[in-house]
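Every number here is computed from the coordinates shown, using simple stated rules; none is lab data. Just so you know, these numbers come straight off a predicted model, no measurement behind them. Methodologically, a virtual Cβ is constructed for each residue, glycine included, from the backbone with ideal geometry; neighbour enumeration extends over all protein chains shown.
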Amino acid sequence: MKIAIQGISGSYHDQVAKNYFGNECTIIDCMTFDDVVISVKDGISDFGVMAIENS
């Protein structure tokens with residue numbers, strides 16, 4: 001399963017994606033939230049993980 005995240009390996013998005021989907025998932029690093037949406041929309045990734053709120 002391919003998961004798009006905003007950020008890079010080791011980021012909070014990466015940790016959340018692996019915690020939710022499991023360590024076997026393939027992480028697709030995206031530079032922006034728009035890139036995450038495009039990755040899912042275009043079928044490059046199966047799901048996307050992005051923050052809704054920041055503390």
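In plain terms, the chain from Asn23 to Val37 could stretch by 2.9 nm, reckoned as 0.36 nm per residue minus the Cα-Cα distance. Our coupling estimate for segment 30-41, obtained by passing each phi through the Karplus curve with A = 6.51, B = -1.76, C = 1.60 and θ = phi - 60°, is 10, 7, 9, 5, 4, 5, 4, 4, 4, 4, 6, 4 Hz, Gly and Pro reported as x. A simple rule links phi to the HN-Hα coupling: the Karplus curve 6.51 cos²θ - 1.76 cosθ + 1.60 with θ = phi - 60°, which for segment 3-16 gives 10, 7, 10, 8, x, 10, 4, x, 6, 4, 4, 4, 4, 5 Hz, with x for Gly and Pro. Computed packing ranks the peptides 45-51, 1-7, 24-30 as 1-7, 45-51, 24-30, most packed first, by mean other Cβ atoms within 10 Å.
Could you grab the relative contact order for the chain? Cα pairs under 8 Å, six or more apart, rounded to a whole percent.
Values: 88 pairs, mean separation 25.8, N = 55.
About 47 percent, as a whole number.
For Ile28, the residues whose modelled amide H falls within less than 5 Å of its own, excluding neighbours fewer than 5 places apart on the same chain, are Ile3, Ala4, Ile5. Please report the base-10 log of the normalised intensity I(q)/I(0) for the chain, using a Debye sum with one equal scatterer per alpha carbon and no solvent, at each q in 0.16, 0.18, 0.27 (1/Å). Evaluating at q = 0.16, 0.18, 0.27 Å⁻¹ gives log10 I(q)/I(0) of -0.38, -0.48, -1.06.
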